[in-house]
Amino acid sequence: MKILLTGGAGYIGTHTCVSLIDAGHKPVVADNLVNASAEAVLRVEKITGTRVPFYQTDLRNKTELREIFDNEQIECVIHFAGLKSVAESVQKPLSYYDNNLGATLALCEVMAEFGVRDLVFSSSATVYGSPDQVPIKEDAPVAPFNPYGRTKLMIEQILKDLSAADPRWNVALLRYFNPVGAHVSGLIGEDPADIPNNLMPYISAVAVGRLAEVQVFGNDYPTADGTGVRDYIHVMDLADGHVRALEKLWQNCGCVTYNLGTGQGYSVLEMIAAFENACGKKIPYRITGRRPGDIAECYADPGLAQKELNWQAKHGIDRMCADTWRWQSMNPEGYQQGK
């Protein structure tokens, strides 16, 4: 099946490309390269031995989007594209609303023109805000407290309304927890443009010598060691979740929502210790004050995805850290050194 991956040159998109090809599908990538590299798509081709059509475009340009649908005979879409920094979204909310909502609206309009109505949306656990209890189920209250999270929730609502208005639409809303890790080859992985916003790429940047130390934001939370606890999921498990979600769409499921996480929380200090084991060196860190908006614990109840998608995360913390370290040590400057 021909599947368009918007934002498909990014971290999760490239790994999903590999899983789709392994499952016998034909991915097509569209990406504006704001948060990605064309080199990553070439690496996917090297891993799979398969050509992946690539279009550098902004999804808000419907003329270019129509050309992709026309040229490639797209049959369904996985929508990853979007600005994704929580901190930046607070500083530049209009950019986030314009880009993330505008791209989705344009995409859905062009999909409808071409009779394509199967869509997997890359949502986020940020839609839950500060959860009342953990583990978090899909029917938990939603209350994101930053513009990035609000764009995800607004897009979810747009897609729910679209599916309700036209039952021919089948939509899977996938709420990711904390993607980490890399492909076992070490050829593709997470490559933040600037100083990493997320814990694992920050730790690995310290391990490879690009940064001096990890900042640990707060050690006075009501957790086992005082540091924040999160649900980290291997990116290849996440990629497999997208393949299973596509299979669900083909059952004419309407609009469905799933958490993609492991159901297991790890603290910041536990992640640092596990990475030290993986890379064989000490990771210097410094305790600083809490960041505004951070919460003590956030981890998924993945039971619904297990039941309805026959999907379950397979890789544990040791594999997450080993694969991240392999990627980072083979590519200390990310994709830049592959050019």
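Here is a check on your reading of the model: is K314 within 24 Å of A182 (Cβ to Cβ), surrounded by fewer than 19 Cβ atoms within 10 Å (Cβ to Cβ), at pLDDT 95 or above and not acidic (D, E)? So K314 passes the test.
Yes or no: L211 of a type in the set (A, V, I, L, M), at pLDDT 95 or above and in contact with a helix residue (DSSP H, G or I) (Cβ under 6 Å, 6 or more places away or on another chain)? No: the conditions fail for L211. Scanning region 281-296 for residues that are of a type in the set (S, T, Y) and more than 14 Å from S204 (Cβ to Cβ) returns a single hit, T288.
Here region 177-203 is the region considered, the condition is being modelled with pLDDT of 95 or more and among the polar types (S, T, N, Q), and the residue that is surrounded by the fewest Cβ atoms within 10 Å (Cβ to Cβ) is S185.
Considering region 172-240, the qualifying strands (runs of 3 or more DSSP E), each wholly inside and each with 3 or more residues that are under 24 Å from G293 (Cβ atoms), run over 178-180, 214-217. For region 159-199, the tally of residues that are at positive phi and touching a strand residue (DSSP E or B) at 6+ places or on another chain (Cβ under 6 Å) stands at 1.
Grab the helices (runs of 4 or more DSSP H) fully contained in region 28-140, keeping just those with 2 or more residues being over 25 Å from A172 (Cβ atoms) and in contact (Cβ under 8 Å) with a residue 24 or more places away in the chain.
On the way: elements: 38-48, 62-72, 86-91, 93-96, 102-113.
In region 28-140, 38-48, 86-91 are the helices (runs of 4 or more DSSP H) which contain 2 or more residues that are over 25 Å from A172 (Cβ atoms) and in contact (Cβ under 8 Å) with a residue 24 or more places away in the chain.
With the condition kept exactly as written, say whether any residue in region 292-312 is within 17 Å of the chain's Cα centre (by Cα) and β-branched (V, I, T). Within region 292-312, none of the residues are within 17 Å of the chain's Cα centre (by Cα) and β-branched (V, I, T).
The values are calculated or read from the model by the stated rules, or taken from the named source; none is laboratory data. Just so you know, these numbers come straight off a predicted model, no measurement behind them. As a convention, Cβ positions derive from the backbone with ideal geometry for all residues, glycine included, and neighbour counts pool all protein chains shown.
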